[in-house]
């Protein structure tokens, strides 16, 4: 077989088994080996050795009939179930080597799983690279707050571009479950390194601390707090030994989910800061505490605070100092533990100002470690070190001097001079009878009060005991070896109730939670009351508005009716005049008579010209008046736009009144919000704002309508006036007509006389 | 005497530190079935064998904290095998009075007492088998179920590749690649586990 460019090499084989070949390359190999016996043999070599033939294959082939049924660990069961539920979420894939698909990513394998999420190794076909996908477990994604937070923090983390922060490529959702796409790295978590190798070398500790601090600085510059700095979140990238921070902000999303689910803290709080442990607000300086804890773990091989349960750990974090580093690992220089102590200060303001300062300081220290003679320690550290690293005798002297000073200033301790040695007794309780024994013989017997006692006594070995039975008293350093001219301290203290501080802390936490809850609830309740009041006011306003409009419309309608009535009269009058005119002089006479009987036409006014032209003219004017009259009539009829408009407006107003009156229940539904956290409150505020806005809008519309209404009313009034004017005109015309008819009559009688 | 070979000290430390749940769980997962089978092969009933397993591992968990490395003491594996052997032997001696098997007499059971070297060898063989099974179980989830099936049918049950090509519609080339990948991964896992829990 001729070797082609497709032939397998040991390198490609390695990549094939590690799953590092792109799908296209794998398909090339598949096609190639069907023809190439040589390469096929390379592949099957793995199953032709004795390990496979004798040790593995027969064992797997033979079904073991003596099966051991493990007591099922319910936790493990749950985990495998959730993993199965995640795998079910995956979309189908065409590639037989893949587990499935999430969005555009082909899933290669599961590389990790925890209580909160699953990490997949996936292949990004578009960019031809492997990526890691972190997906929130489906039951956690059911919490809306957690889901949103996961996506939001993920996007924030994606904005941080730094060599020491694991790059986030993408944030998306798959079937409602948010996921992050990050760089795929084969690095080892710092946690693993510490577990396998124990404490690290000083220069390595500094290097990792510098890089972590730089990563933190970059994130803090974006306003992002990690909140969960711990060795398992720091990845050491294999080849170049670069430290990268991972899982930014996810702690927060996970908090949301787990709190919603069980109301308790899950996971190990070993690397929490005191302010986190006490439930106080958290800022960038919390991450510095975490960094201090990580450095402590690198120095000693173990976390700074360890206890049986989470609450005990929280108590330690809040109240206790960790065991001094040098006690555990004497190779650590004191300046390094000084840095760590300051990072781990209980109060955030006692820590370094920011991560950049820590990075800078550690860089200076690293330079010193690498070239101790050429580069000196930074001033601040050099000072604190000289304070600590005095010569032993000087230190002892200092200790004694400070002890003596303490005795003098406390004023509560007697000092009786003796030439041999001094035994100083401090006591936390009154009336404690003690005896000082030497070789089973009582040397001295006394009762000690809170003020303590100092006994001068010959050098030698003594045992200080309680004289009688006082169970609750403990004597520290009760076996004393007193040297000539030396001072030895014996402390008597009361046995502490070890449960009490923990209980107090829990009670305090509970109270704090209670207050917080009440505070939030009150705020929300006030807001709700305010909103309800606002709604009631609006309802009243809209109601009065509507009744006002109704009144107006009633008036308008009434006036309109009156006008129509009047018009009717006018019309009948006009018709009668017309009819009379058409019927000739007789008709006119009849009409005149009729008018007269109705006292409508005084005889005196009939004294006008006899000109026929004038009559014509008058007739024309009557015609014009009739036209105007007809138009006005049409205008004032029911279908007149103004009336229609007014009616529409009333309808609209009635409708909006109904709406407002009907809505309270429906709108009240929106106020039933979960009073869980700041976010819910936030969205609730937005809802309230939106409601106020819509009510204001409604109010504005009503105002406009009111204005329109006023305008219409005015228009109607104008119409009324115009009708009055027209009426006057008609009256005038009527009078003219009467005059004209009069003239007709006169002319007729003149003609008759002339004949 | 074929004792357990020497092992990685950090791993001993991890088992010793019972807080490290993962290591202890792994240790249990591999050695519990081993002890169980040895007990069953000595004619103990299922429930009794489970009791023996419990006794053995309770005593191991108590003893393990006491182990200290020292040049003049036996290496960890040897020590562990002694503990396991003693625990099994003790359980088997105490067992007969309430054992249900009517045929057994005290003499039979005494004869059945494991001889030290034999027990060691047996633990070794059984542990080796169990590591293989356990590793296969562990990596199963890393592959799609039909991929695993192709591997199992061709590589373990010896079904001809042509058959599988016909029934699954995969190419022969892809079946070779699958077999290679699963076997390579299985060997890797076995090596990793053996390094922890050497047989």
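Every read-out reported here was derived from the displayed coordinates using simple, explicitly stated rules and does not represent laboratory data. Quick caveat: nothing in here was measured; it's all calculated off a predicted structure. We place every Cβ from the backbone using ideal geometry, glycine too, and count neighbours over all the protein chains shown.
Want the number for residue A:428 to residue A:479: 0.36 nm per residue separation, take away the alpha-carbon distance, what's left?
Stretched out fully, the residue A:428 to residue A:479 stretch lengthens by 16.5 nm.
Pairs of alpha-carbon atoms within less than 8 angstrom and 6+ residues apart define the contacts here; what relative contact order does region A:305-371 have, in percent?
Across region A:305-371, relative contact order equals 14 percent.
If you average the C-alpha positions of region B:144-175 and of region A:691-755 separately, how far apart do those two centres end up, in angstrom?
Centre-to-centre distance over Cα atoms comes out at 101 Å.
Calculate the spin-label point distance for residue A:491 paired with residue A:708, positioning each point 7 Å from the Cα along the beta-carbon direction, and give it in nanometres.
8.6 nm
According to a simple spin-label model (label point 7 Å from Cα along Cα-to-Cβ), what is the distance in nm between residue A:242 and residue B:62?
The answer from the label model is 5.4 nm.
What FRET efficiency comes out for residue A:565 versus residue A:689 if R0 is 45 angstrom and r is the Cβ-Cβ distance? Round to the nearest 0.05.
0.25
Distance in nm between label sites at residue A:442 and residue A:163, each 7 Å beyond Cα in the beta-carbon direction?
7.5 nm
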